[in-house]
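**Q** There's a structure below that I have some questions on.
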Amino acid sequence: MTSQIIPVDPFDFIIFGGTGDLSERKLLPALYHRQRDHQFSEPTRIIGASRTKMEDKEFRAFAKKAISDHVKPEYIEEAELKKFLDRLSYVAIDAKSGDGFAELKKSVADSKRIRVFYLAVAPSLFGDISDHLKEHKLVTADSRIVVEKPIGRDLESAKALNDIIGDDFGEHQIFRIDHYLGKETVQNLMALRFANALYEPLWNSANIDHVQITVAETVGLEDRVTYYDKAGALRDMVQNHMLQLLCLVAMEAPASMEANAVRDEKLKVLNALKRVNGNEAPKHTVRGQYRAGASAGGPVKGYIEELGSESTTETFVAIKAEIANWRWAGVPFYLRTGKRLASRVSEIVIEFKPIPHSIFGESAGPIFNNQLVIRLQPDEGVKQFIMIKDPGPGGMRLRQIPLDMSFAQSFDGRAPDAYERLIMDVVRGNQTLFMRRDEVEAAWKWIDPIQHAWEASRQEAQGYTAGTWGPSASIALIERDGRTWHESN
Ligand code: BG6
């Protein structure tokens with residue numbers, strides 16, 4: 001994508017969990033791309049911090065491999081790679097005992113420079129790291145701390161985590177990442193809504209029939225046995241990514257793109273979500289778990305076989321959500337997400353109401369509701385489905401076609417990964433695309449009653465064959481209302 005790259009002020013970027021999976025797959029490749037795009041000013045440094053003892057040169061070798069494994073060969077430029085690796089150093093730290101923090105202090109000698117402490121570690125270490133940073137006077141006015149989800153597993157634990165970090169850092173210094181907000185198309189949703197006059201007059205319950213948000217994955221459990229089985233799809237995907245998408249669709253226009261202006265509006269949506277109580281849960285929610293089936297052309301195991309033990313954890317969720325405010329009353333938001341589904345696709349479908357009266361006879365065929373389909377991944381783009389006359393002779397027959405705005409066709413170049421944007425926003429101190437404390441907690445306030453209802457009624461996770469679109473109950477959830485899931489492929 002061609003855009004002007006503005007260099008950021010020099011910074012020290014400290015990755016706790018520097019030799020971990022996130023650092024390897026996302027952070028180091030993202031930082032390399034920013035180097036390649038000349039976005040760093042001198043002297044920017046990147047410091048890996050983990051428990052393993054290693055020399056700087058070993059960490060550089062780790063980073064070099066991470067980049068060759070996760071960056072396409074055509075983007076690897078030897079000169080830029082060398083410059084990037086030269087910025088790297090390593091400190092062995094023990095987050096529990098605090099060993100190594102004194103060393104770290106020596107590595108970040110200049111207290112005026114921006115400091116980013118990126119916590120790519122288990123949440124159980126957030127408190128210890130944050131306290132040791134404070135104790136060693138590493139937290140300066142220009143420091144920021146970045147935390148990854150999961151931020152808690154319910155409201156209470158989220159508050160406890162927020163308190164712990166909040167003791168050592170001000171809210172303006174805390175960056176809670178939801179990487180969906182860094183995706184190009186997710187930001188495009190804001191552009192679509194607020195840079196065009198076309199949609200806003202229609203963006204309400206008078207004109208919109210319902211909204212669908214699908215985040216479907218083909219992957220299974222991967223290597224995340226301990227984390228995922230304790231979380232499940234509701235906590236892993238709905239509490240954060242899905243609700244953030246819902247907020248962007250449903251929020252009022254913020255006064256500006258300033259962080260709190262945007263976050264205030266998202267918070268209002270979260271607070272207006274109608275609680276799903278115990279009686280409603282079986283009707284408004286579906287839990288599923290994948291069984292053996294096929295994915296990517298080959299056979300795959302079921303969740304329980306992959307896990308190696310019995311489990312009732314859901315790998316699929318569908319929910320009929322409602323927003324109790326003037327704009328959205330009566331407009332259902334159908335959410336669904338799952339692992340080992342038929343294809344990897346994330347999209348938002350806005351379906352408009354039917355026309356009030358057809359002037360065409362039956363021979364013209366059915367008139368479908370207009371749909372706006374915002375495809376987040378893959379094949380990012382926006383399609384506006386409209387009805388037209390089927391071209392040619394033979395009388396008036398109607399046909400649905402998409403006005404197709406595919407980003408790949410419209411823009412040249414590489415689409416940056418979400419982490420690239422988010423990391424640079426952290427350095428700039430721009431919190432617009434990060435979750436504020438009250439947002440995270442408001443999301444849990446909506447999730448917790450669903451989780452409790454499931455536990456109280458022992459609502460089962462219904463089996464679905466890997467490679468399908470989830471349990472049949474998910475189809476029934478929407479078809480009961482006379483609607484169907486948009487066919488994604
Ligand atoms: C993560 C979840 O937050 O998002 C994973 O923990 C999920 O379970 C991932 O696979 C999906 O992200 P993306 O960017 O691949 O859609």
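**Q** For the stretch 432-489, what are the residues that are among the charged types (D, E, K, R) and under 24 Å from the mean Cα position of the chain (by Cα)?
**A** Initially, the stretch 432-489 is screened for residues among the charged types (D, E, K, R), giving 436-439, 441, 445, 448, 455, 458, 460, 479-481, 483, 487.
Hits for the stretch 432-489 are ARG436, ARG437, ASP438, GLU439, GLU441, LYS445, ASP448, GLU487.
**Q** I've got another one for you. Taking the stretch 48-100 as the search range and keeping residues that are closer than 17 Å to LYS26 by Cβ and among the charged types (D, E, K, R), which one is surrounded by the most Cβ atoms within 10 Å (Cβ to Cβ)?
**A** Per the criteria, the residue is LYS64.
**Q** State whether one or more residues within the stretch 316-328 are buried (at least 16 other Cβ atoms within 10 Å of the Cβ) and within 16 Å of the ligand (Cβ to nearest atom).
**A** Checking the stretch 316-328: at least one residue is buried (at least 16 other Cβ atoms within 10 Å of the Cβ) and within 16 Å of the ligand (Cβ to nearest atom).
**Q** What strands (runs of 3 or more DSSP E) lie completely within the stretch 248-303 and have 1 or more residues being farther than 25 Å from ARG458 by Cα? I'd like the intermediate steps shown before the answer.
**A** Values: elements: 285-291, 293-295, 298-300.
Where strands (runs of 3 or more DSSP E) fall fully within the stretch 248-303 and carry at least 1 residues being farther than 25 Å from ARG458 by Cα, they are 293-295, 298-300.
**Q** Could I ask something else about it? For the stretch 382-430, which residues satisfy the criterion of being modelled with pLDDT of 90 or more, open to solvent by less than 50 Å² (accessible area, probe 1.4 Å) and within 30 Å of VAL8 (Cα to Cα)?
**A** The answer is ALA418, TYR419, GLU420, LEU422, ILE423, MET424, ASP425, VAL426, VAL427, GLY429.
**Q** Which one of these does GLN244 not meet: (1) open to solvent by 20 Å² or more (accessible area, probe 1.4 Å); (2) touching a helix residue (DSSP H, G or I) at 6+ places or on another chain (Cβ under 7 Å); (3) at pLDDT 95 or above?
**A** Failed condition: (1).
**Q** Using the structure shown, decide if ALA259 is out of contact with any Pro (no Cβ under 8 Å at 6 or more places or on another chain) and touching a residue at least 24 places away in the same chain (Cβ under 8 Å).
**A** Details: out of contact with any Pro (no Cβ under 8 Å at 6 or more places or on another chain): yes; touching a residue at least 24 places away in the same chain (Cβ under 8 Å): yes.
Against the criterion (out of contact with any Pro (no Cβ under 8 Å at 6 or more places or on another chain) and touching a residue at least 24 places away in the same chain (Cβ under 8 Å)), ALA259 qualifies.
**Q** In the stretch 54-77, which residue that is assigned to a helix (DSSP H, G or I) and of a type in the set (Asp, Glu) is nearest to ILE14 (Cα to Cα)? Spell out the reasoning first.
**A** Filtering the stretch 54-77 for residues assigned to a helix (DSSP H, G or I) gives 56-70, 73-75.
Okay, now just the ones that are also of a type in the set (Asp, Glu), so 56, 58, 69, 74.
Numbers: ASP56: 14, GLU58: 16, ASP69: 22, GLU74: 28 Å.
Here the residue is ASP56.
**Q** Among the listed residues LYS266, LYS301, LYS339, identify the single one that is among the basic types (Lys, Arg) and within 16 Å of the ligand (Cβ to nearest atom).
**A** One residue alone meets the criteria, LYS339.
**Q** Considering only residues of the stretch 169-181 that are more than 16 Å from the ligand (Cβ to nearest atom) and open to solvent by 20 Å² or more (accessible area, probe 1.4 Å), which is nearest to PRO150 (Cα to Cα)?
**A** Top of the filtered list is GLU171.
**Q** Let me ask something additional. For ALA191, indicate whether it is more than 15 Å from the ligand (Cβ to nearest atom), in a helix (DSSP H, G or I) and of a type in the set (Gly, Ala, Ser).
**A** Working: more than 15 Å from the ligand (Cβ to nearest atom): yes; in a helix (DSSP H, G or I): yes; of a type in the set (Gly, Ala, Ser): yes.
Spelling it out, ALA191 is indeed more than 15 Å from the ligand (Cβ to nearest atom), in a helix (DSSP H, G or I) and of a type in the set (Gly, Ala, Ser).
**Q** Step by step: first the residues of the stretch 198-241, then only those that are within 28 Å of GLN431 (Cβ to Cβ) and more than 16 Å from the ligand (Cβ to nearest atom), then the one that is most open to solvent (accessible area, probe 1.4 Å). Which residue is that?
**A** Only one residue fits best here, namely GLU200.
**Q** Restricting to the stretch 306-315, what's the tally of residues that are out of contact with any strand residue (DSSP E or B) (no Cβ under 9 Å at 6 or more places or on another chain) and open to solvent by less than 50 Å² (accessible area, probe 1.4 Å)?
**A** So in the stretch 306-315, the residues out of contact with any strand residue (DSSP E or B) (no Cβ under 9 Å at 6 or more places or on another chain) come out as 307-310.
Next cut, open to solvent by less than 50 Å² (accessible area, probe 1.4 Å) only: 307.
Residues meeting the conditions: 1.
**Q** Got at least one residue in the stretch 446-454 being touching a helix residue (DSSP H, G or I) at 6+ places or on another chain (Cβ under 8 Å), open to solvent by 60 Å² or more (accessible area, probe 1.4 Å) and either closer than 28 Å to GLY166 by Cα or at pLDDT 90 or above (or both)?
**A** no
**Q** Among the residues of the stretch 146-161, is there at least one that is closer than 30 Å to SER68 by Cα and open to solvent by less than 10 Å² (accessible area, probe 1.4 Å)? Outline the logic, then answer.
**A** Here is the first cut: in the stretch 146-161, the residues closer than 30 Å to SER68 by Cα are 146-150.
From what's left, open to solvent by less than 10 Å² (accessible area, probe 1.4 Å): 146-147.
Looking for residues that are closer than 30 Å to SER68 by Cα and open to solvent by less than 10 Å² (accessible area, probe 1.4 Å), one finds at least one in the stretch 146-161, hence yes.
**Q** For VAL121, are the conditions met, namely being within 16 Å of the ligand (Cβ to nearest atom), among the aliphatic types (A, V, I, L, M) and open to solvent by 20 Å² or more (accessible area, probe 1.4 Å)?
**A** On the way: within 16 Å of the ligand (Cβ to nearest atom): yes; among the aliphatic types (A, V, I, L, M): yes; open to solvent by 20 Å² or more (accessible area, probe 1.4 Å): yes.
Yes: the conditions hold for VAL121.
**Q** Can you tell me how many residues within the stretch 1-24 are surrounded by 15 or more Cβ atoms within 10 Å (Cβ to Cβ) and part of a helix (DSSP H, G or I)?
**A** Residues of the stretch 1-24 that are surrounded by 15 or more Cβ atoms within 10 Å (Cβ to Cβ), as a first pass: 8, 10-20, 22-24.
Next cut, part of a helix (DSSP H, G or I) only: 22-24.
Qualifying residue count, the stretch 1-24: 3.
**Q** Further question: State which residue is farthest from PHE11 (Cα to Cα) when the search covers only the stretch 125-142 and only residues that are in contact with a helix residue (DSSP H, G or I) (Cβ under 7 Å, 6 or more places away or on another chain) and buried (at least 16 other Cβ atoms within 10 Å of the Cβ).
**A** Taking the stretch 125-142 first, the residues in contact with a helix residue (DSSP H, G or I) (Cβ under 7 Å, 6 or more places away or on another chain) are 126-127, 130-134, 136, 138-139.
Next, from what is left, pick out any that are buried (at least 16 other Cβ atoms within 10 Å of the Cβ): 126-127, 130-133, 138-139.
Values: PHE126: 22, GLY127: 23, SER130: 19, ASP131: 22, HIS132: 20, LEU133: 17, LEU138: 14, VAL139: 14 Å.
Selected residue: GLY127.
**Q** Hey, any hits in the stretch 482-489 for a residue that's part of a loop (DSSP other than H, G, I, E, B), touching a residue at least 12 places away in the same chain (Cβ under 8 Å) and exposed (fewer than 15 other Cβ atoms within 10 Å of the Cβ)?
**A** Initial filter on the stretch 482-489 (part of a loop (DSSP other than H, G, I, E, B)): 482-489.
From what is left, the residues that are touching a residue at least 12 places away in the same chain (Cβ under 8 Å) are 483, 485-486, 488-489.
If we keep only those that are exposed (fewer than 15 other Cβ atoms within 10 Å of the Cβ) too, we end up with 489.
The answer is yes, given that some residue of the stretch 482-489 is part of a loop (DSSP other than H, G, I, E, B), touching a residue at least 12 places away in the same chain (Cβ under 8 Å) and exposed (fewer than 15 other Cβ atoms within 10 Å of the Cβ).
**Q** Quick check, is LYS105 of a type outside the set (Phe, Trp, Tyr), out of contact with any His (no Cβ under 9 Å at 6 or more places or on another chain), away from the ligand (no atom under 16 Å from the Cβ) and open to solvent by 30 Å² or more (accessible area, probe 1.4 Å)? Don't jump to the end; show me each part of the working.
**A** Numbers: of a type outside the set (Phe, Trp, Tyr): yes; out of contact with any His (no Cβ under 9 Å at 6 or more places or on another chain): no; away from the ligand (no atom under 16 Å from the Cβ): yes; open to solvent by 30 Å² or more (accessible area, probe 1.4 Å): yes.
Spelling it out, it is not the case that LYS105 is of a type outside the set (Phe, Trp, Tyr), out of contact with any His (no Cβ under 9 Å at 6 or more places or on another chain), away from the ligand (no atom under 16 Å from the Cβ) and open to solvent by 30 Å² or more (accessible area, probe 1.4 Å).
**Q** Given the residues ALA442, ALA473, which is the only one that is in a helix (DSSP H, G or I), surrounded by fewer than 19 Cβ atoms within 10 Å (Cβ to Cβ) and more than 16 Å from the ligand (Cβ to nearest atom)?
**A** The conditions single out ALA473.
**Q** Within the stretch 283-305, is there a residue that is without any contact (Cβ under 8 Å) to a residue 12 or more places away in the chain, surrounded by fewer than 21 Cβ atoms within 10 Å (Cβ to Cβ) and more than 25 Å from TRP469 (Cβ to Cβ)?
**A** Checked against the condition, which is being without any contact (Cβ under 8 Å) to a residue 12 or more places away in the chain, surrounded by fewer than 21 Cβ atoms within 10 Å (Cβ to Cβ) and more than 25 Å from TRP469 (Cβ to Cβ), the stretch 283-305 yields no hits at all.
**Q** Among the residues of the stretch 260-267, is there at least one that is exposed (fewer than 14 other Cβ atoms within 10 Å of the Cβ) and modelled with pLDDT under 95?
**A** The initial filter retains those residues of the stretch 260-267 that are exposed (fewer than 14 other Cβ atoms within 10 Å of the Cβ), namely 261.
With the extra rule that they be modelled with pLDDT under 95, the set shrinks to none.
Taking every residue of the stretch 260-267 in turn, none turns out to be exposed (fewer than 14 other Cβ atoms within 10 Å of the Cβ) and modelled with pLDDT under 95.
The values are calculated or read from the model by the stated rules, or taken from the named source; none is laboratory data. Every value quoted in this text rests on a predicted model; they were computed, and no experiment measured them. Every residue, glycine as well, gets a Cβ built from its backbone with ideal geometry; the counts of neighbours run over all protein chains shown. Just the protein is used for accessible areas: all its heavy atoms, side chains included, with ligands, DNA and RNA removed. Shrake-Rupley method; radii C 1.70, N 1.55, O 1.52, S 1.80 Å.
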